[in-house]
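Have a look at the structure below before the remarks.
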Amino acid sequence: MIQQKLIAAIALSVLLVAGCGKNPASSAAHSNKVRVGYIGLTCEAPIYAAYEKGFFKEEGLEPELVKCNWATYKDALALGSYDITHHLVMYFLKPIEQGLDVRFLAGIHRGCLRVQAGVKTNIHTIEDLKGKRIGVPGMGTPPFVFANRVFGTHGIDAGKDITWKVFPAGELGLAIDKGEVDAVCNAEPIGSLLIAEGKVRNIADQITDAPYKDEYCCEVIANGKWVDANPDAAARATRALLKGAKWVETNPKTAAIMAVEKKYLASTPELNTAALARLRYVPSVQLAEESVHSAGREMKVAKMLSPETDTEALAKRAFMHLDGVTDEWIKTLQVEKVAGGQVSPDDDIRLIAALIQKDMGDSCCRRKMFDQPDQDAPNLADPDAPCLEKTTVAAQK
C-alpha cells in the first residue's frame, strides 16, 4: 500500500512538471526571482503587460513566465511549479475548501461571462431556463461554473433541471441556429458576437447584473507557502500585476495587439481587442476580498461547496492582505497612456462588424481562433484536432 501511494505521488509530480514544464520546487525564500504562471488567456493581459513593460523589474524582481495548461493549473500552483498568477475566484474556491494551500491577494478584473438564450425561444428570465438544453464550451469551464452559480440562487438544480451539451466555443452560435440547444453559456468575445449577430438575448450577464457586476472575476493568487516565506516579494509581484491591470485598462487596444504579436495566445488583434474592450481592469483590494465572500456564499447555495462549509471562514482563509498592497496605493498608481491604444464606442462597433464579416467566410479553421483557453477546459476537444466545416456542429462530448 505504501509503495502504491509512493508511485502515485511520483506520477502526480511528473504530471505537474509536464503541465507547467518547470521544477515544482518553490522559489527560494527571500529571493528576488518570481515565477509567474499563465495559460495563454485573453484575460491574462496584465501578466503579459507587467512582464513586457518591466513592471516586475521596477519592483526589484526577476520574473520568469511559466507556461501551464488547464488540466494541472490549480495543483501546479499549490505544489510550487510557479509562485503567482491571477485567475478565477470561482475556479479556485472549491479546491481551497478541500485544502489547496493558495491565497487570493487582490482583484484584477471584473467578469466576462454570460448566459444567453436564443432569440427564437420564449426564454426571458433565469427561471425560464429550467428544463432546457444549454450549450457550454466544457463541463467545469468558467461559463459552466458561472451558470451553475446563477441557477443555484434562482432555485434551479443544475444537475437535474438542465441538460448540458458541450460544443467548441466558436460553434455555440451554430448550435443555437440548428436548434441543438435553447441557450448557451460563454465568455467574451463570443457573447458580444452572438448579440451582434442577432442570435441571442442576455439572460445573465456578469458585467452588468447584480451582484456579479460588483465582483472580481479574476484575482491575484499565489502559492501559500511561497507567500508565507516571501511576503515582501509577494507584495512586490502583486503590485506589478496590479499595475499591469491598470495599464491594460488604460490601453486595451495596445495590450490586445501586444499579446497577439508576442504570441502569448492564438488569436487575432481584432478578436483580442474586442474581448479586452469589454473587460474592466480596475484593481482593488477591499472589493476583491468582498468578492471572495460573496462568491463563496452563492457557490454554497448552488451546491458547488459543501453544505457544512462556513463560507465566511473559508473566505478569510482564502484572502490575504500584504503590506504595501492597499487601495490607497492603487489610487496613487500612474501608468502611461499610449497614443491610439484605446477603444472608442465607434471602434468597438467596427470591430464587432469586422468579426461578423469574417464569420461569413468558408474557412473552417477560424474555430481555433475562438477556442482560446479561456473558453476551453481539459475535457474539451484537442485544440489541434481537424477543423470542422462551418455548417457542421461539433459532436457532443
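The values are calculated or read from the model by the stated rules, or taken from the named source; none is laboratory data. This structure is a prediction, so every number in the text was calculated from the model and none was measured. Don't worry about glycine lacking a Cβ; one is built from the backbone with ideal geometry, like all the others, and counts go over all protein chains shown. Note: areas computed on protein heavy atoms with side chains; ligands, DNA, RNA excluded. Shrake-Rupley method; radii C 1.70, N 1.55, O 1.52, S 1.80 Å.
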Tell me, what is the percent relative contact order of region 76-192, built from C-alpha pairs under 8 Å that lie six or more residues apart? 32
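Once Rh is set to the Kirkwood radius over Cα pairs, what Stokes-Einstein translational diffusion coefficient, in µm²/s, holds for region 209-291 at a temperature of 4 °C and a viscosity of 1.567 mPa s? Walk me through the intermediate numbers first.
Numbers: Rh = 14.4 Å.
So the translational diffusion coefficient is about 90 µm²/s.
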Pairs of Cα atoms farther than 16 Å apart, region 282-322, %: 34
Kirkwood-based shape ratio for region 52-133, expressed as Rg/Rh from alpha carbons: 1.14
Binning every alpha carbon pair distance of region 265-345 at 10 Å from zero, what are the percents per bin? 14, 28, 27, 26, 6, 0
Taking Cα pairs under 8 Å and at least six residues apart, what relative contact order does region 26-103 come out at, in percent? 39
Which percent of Cα pairs goes in each bin when the distances of region 156-309 are cut into 5 angstrom slices starting at zero? 1, 7, 12, 15, 17, 17, 15, 9, 4, 2, 0
According to a simple spin-label model (label point 7 Å from Cα along Cα-to-Cβ), what is the distance in nm between ALA71 and ARG280? 3.8
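With a sphere of radius 10 Å drawn around the Cβ of ARG239, what net charge do the other residues whose Cβ falls strictly inside it have (Lys, Arg +1; Asp, Glu -1)? Could the numbers behind the result be given before it?
Details: positive: ARG236, LYS243; negative: GLU58, GLU59.
So the surrounding residues net to 0.
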Surface accessible to a 1.4 Å probe, ASP214 within the full protein complex, Å²: 80
Among LYS199/LYS303; LYS243/LYS337; LYS57/LYS246; LYS199/LYS253, the pairs whose Cα-Cα distance exceeds 21 Å are LYS199/LYS303; LYS199/LYS253
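Dividing the convex hull volume of the alpha carbon atoms of region 162-251 by its residue count, what do you get in Å³ per residue? Could the numbers behind the result be given before it?
Numbers: hull volume 14.9 nm³, N = 90.
It is 166 Å³ per residue.
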Using a 1.4 Å probe and ignoring any ligands, DNA or RNA, find the accessible area of PHE144 and quote it in Å² to the nearest 10. 40
The extension gain from ARG317 to LYS120, computed as 0.36 nm times the residue separation minus the Cα-Cα distance, is 66.4 nm
